[in-house]
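Enquirer: My questions all concern the structure below.
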Amino acid sequence: SHETGEKIPRSFVIGRGKLPVLLRNLEQDLRKLMLPHTALHLKESGKNTLKDFVHVAGPLGVSHFVILSNTKNAPYMKVVRSPHGPTMTFKVHDFCLAADVARALLRYRAPPSIFKNPPLVVLNGFNPAEAHLKLVTIMFQNIFPVIDVKKVKLSLCQRVLLLNYDKDTKVIDFRHYAISAQPVGVSRGIRKLVQRTKIPDLRTLNDVSEFVTKSGYGSESEAENESSRVTLPQDYGRGNPASQQSAVKLHEIGPRMTLQLVKVEEGLCSGAVMFHEYGIEENKKKNKKKEEPVDDMDVDMDGEEQHEEEEEDDDADYYRQEVGEEPGEGKRNFTLLRQVPCF
Amino acid sequence: MGCLAIDLAEIVCANSRYFDELVDLIPPKFYLPADDNVEKQWVFGMTKREKREARRLTKEHSKKARRDRLDPEKFVTTLQVLQQRNEVAEAHAEKEEEDEEAKAEENGKGDAEQAPVAGTERVKSSQELRERLHKRIEAIRAERRINKARDWQERTKDASKKRKKSENKTTQANKRQKQGHKETGIVPVSSEKVPVASDMEFGRVKIDSQKRTLNRKSKEKLLEQATKLQKDIQDTEKGKDVASKHSWDAALSRASGQKVFDNPKLLKQSLKREHQRREKSAKKWQDRHDSEAQRAQEKQQTRASHIKERIDARKQRLIAKVCKLVTLIDLTLLFTPQREKKLMRPGFEGRKAGFLNEAK
């Protein structure tokens, strides 16, 4: 609870099961994304179950979990609201680490100061008429703290998380950018002089006037869309005073993902399945996701073990659809999976 | 003589040029007197808002002036500023002359019809003046009232009404959110409207403080509701619809941070816990109460015993004192012959002189 009077939502980003190195890096990148209201150096051992995290989350005031896990098919990401909340399971089609982005860009800038404040979040294309999409928007909107419009300092909004939904492919693009503003209408030399702390090197110039006139009126990209120009209501960093025109620029930092919402469950990795991408009617019953070697809940809703034998057929169908193989065929024996002890 | 005149003109021109150049060297701030257009504002008569406005205007004015000063296109020398001011002054003077002439003409017309009307003219004009004065006063009063009303508004009831209105708007916004409409984004402070695609949604924004926890139902009521809900779900006819609707509503409100109490088992547990806590605290209170009574009793006992001891001690002291006194008294005064006789009379059993047989 802070100036808005509402609780700041905190999160844990954890991995379940044995994750390959890339996914561990992705987990670290996601932790950086959720800063400052997350445990950056959370230590998890193999013996920790989800129940432990839930018990610890209560007193610490942690409200959300982001859980990464890996299967033969694809990695999965679950976003969970802590004590009894809904669980959304996303399949990660592709992902890209912050380090990859850094290597790909010519000038990668992610100074540690921008991680001192939570990011803004922008969602596009989520049709609120569809209940599962609405749930996704509300979940992502509430993972980050509320912004008090009157008291917020614009210069503290330095990052943004973009989520774009494509209704044809049903895929969500997940992008993370850093925001910067540049004053508009001044020549490049002056702009750089104002924005940077460095004193320019005038060695090569004959006259001071050359400094102003030599560098043209901005690079080719300057003559870009007018929509990025805004009149700032407050000062934004160096050289962008209030009530002046500035161009807002985004620099990509952080991981990129393409996600697909697969499942929405009522409880914390348990409970009734409210929505399933592959729309199997039988899966509306209480169902565990068999692929993931995840310990779902000693805190079961109403004794799920009783239902297991009944659902064998459905599970087989489901497995077939999901993995694309017959249940018994793969390296792992399907029947064995259910007996694998929790991680 | 002629060449002298020419020389004189030249000399005068040269001198004038020289002085002009000298004047140009001095910045206009120092050379020219302060601009009389900026009236001295009487600060003490202004309200807070006016003062704020005045301050803001002076700030903007000074910023603008600084920018103009440094702007190379707007550069003016001292002489040019002087010329401009002179022109303005001339224009003013001309206008005033015209007005005076116009007035003089009117008066002149009046004068033509002179004699009998002279007195009434003057009276009329004084009446007019009075009327004008009254109008002026009314106008000022009206302005003051408006200003006062506005200030008062800013501080008191109307302000709270406005707050309530804005609260209503935000609750409406919440309702709209639940129905799945667009949510307001981060509102820029300026009045500029940023065009936003209809599909875009942004992070949560707090516009105005709302009332929190309007009506928290008691746990018993929640338990009743939860069990009723469970029963409805069990009911096979409409159970599925009820279940799905409830699960979606619960998921949405849980995702947005509100607590949903729909599990009767957990509610029972919490009720039990509360009951136990209450019992425990009642027991503690009872124990404390009892121990307090006991302690009071003990204290009374010790007090009584101490008092008794004090009394006894006092008595002892008295006896000791009396003994001491008695030792000091001359006891021979007690044994006077009369008394001895009385005590030694035969048959008296109080004192004996000894036995008759006793050898003296």
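Please treat every number below as a calculation from the coordinates, not as lab data. The shown structure was predicted, so the numbers you read here are calculated from the model rather than taken from an experiment. Reconstructed Cβ throughout: ideal geometry from the backbone, glycine too, with neighbour counts over all protein chains shown.
Enquirer: Return one quarter of the surface area of the convex hull spanned by the alpha-carbon atoms of region A:109-253, equal to its mean projected area, in nm².
Expert: With the hull built on Cα positions only, its mean projection is 11.4 nm².
Enquirer: Mind checking the full-extension length gain between B:Lys265 and B:Lys157? Use 0.36 nm per residue of separation minus the Cα-Cα distance, one decimal, nm.
Expert: 34.1 nm
Enquirer: For a label point 7 Å from the Cα of B:Gln80 along Cα→C-beta, name the residues of region B:6-24 whose backbone N is under 14 Å from it.
Expert: Only B:24 fall inside the zone, counting backbone N under 14 Å.
Enquirer: Quick one: order B:Met46, A:Met139 by neighbouring beta-carbon count within 10 Å, fewest to most.
Expert: Least to most surrounded, the residues fall as B:Met46, A:Met139.
Enquirer: Along the charge dipole of region B:214-254, Cβ charges K/R +1 and D/E -1, which of B:Leu223, B:Ile233, B:Ser244 sits furthest on the positive end?
Expert: Of B:Leu223, B:Ile233, B:Ser244, it is B:Leu223.
Enquirer: Turning to a different aspect of this structure: Which whole-Hz couplings ³J(HN,Hα) result when phi for each residue of region B:78-89 is put into the Karplus expression 6.51 cos²θ - 1.76 cosθ + 1.60, θ = phi - 60°, listed in order with x for Gly and Pro?
Expert: Values per residue, Gly and Pro as x: 4, 4, 5, 4, 4, 4, 4, 5, 4, 4, 4, 4 Hz.
Enquirer: Now for a separate question. Does region B:52-112 come out rounded, prolate or oblate, given a ≥ b ≥ c as the square roots of the eigenvalues of its C-alpha gyration tensor, rounded meaning a/c under 1.5 and, failing that, prolate meaning a/b above b/c?
Expert: In terms of gyration-tensor shape, oblate.
Enquirer: Taking the mean number of other Cβ atoms within 10 Å as a proxy for protection, how do you rank A:52-59, A:233-240 from highest to lowest?
Expert: Put in order of decreasing packing, that is A:233-240, A:52-59.
Enquirer: Counting only other chains, what is the mean number of Cβ atoms within 10 angstrom of the Cβ of each residue in peptide B:240-252?
Expert: Partner-chain Cβ atoms within 10 Å, mean over residues of B:240-252: 5.
Enquirer: Apply 1/(1 + (r/R0)^6) to the Cβ-Cβ distance of A:Ser227 and A:Asp166, taking R0 = 30 Å, and write down the FRET efficiency to the nearest 0.05.
Expert: Taking R0 as 30 Å, the efficiency between A:Ser227 and A:Asp166 is 0.90.
Enquirer: For region A:81-103 and region A:22-79, compute the distance between their C-alpha centroids and round to whole Å.
Expert: Centre-to-centre (Cα) distance: 10 Å.
Enquirer: Highest mean first, how do B:329-340, A:267-278, A:124-135 rank when packing is the count of other Cβ atoms within 10 Å averaged over residues?
Expert: In decreasing order of mean packing, B:329-340, A:267-278, A:124-135 become A:267-278, A:124-135, B:329-340.
Enquirer: Moving to a separate point now. Of B:Lys238/B:Lys259; B:Lys63/B:Lys164; A:Lys7/B:Lys48; B:Lys51/B:Lys135; A:Lys7/A:Lys170; A:Lys7/A:Lys43, which ones are farther than 29 Å apart at the Cα?
Expert: B:Lys63/B:Lys164; A:Lys7/B:Lys48; A:Lys7/A:Lys170
Enquirer: Here's a follow-up. For A:97-108, what's the mean count of beta carbons from other chains sitting within 10 Å of each residue's beta carbon?
Expert: 0
Enquirer: I've got another one for you. What is the average number of partner chain Cβ atoms found within 10 Å of a Cβ in A:127-139?
Expert: Across A:127-139, the average partner-chain Cβ count within 10 Å equals 5.
Enquirer: When B:Phe19, B:Phe202 are ordered from fewest to most other Cβ atoms inside 10 Å of their Cβ, what list results?
Expert: Placing the least packed residue first, the sequence is B:Phe19, B:Phe202.
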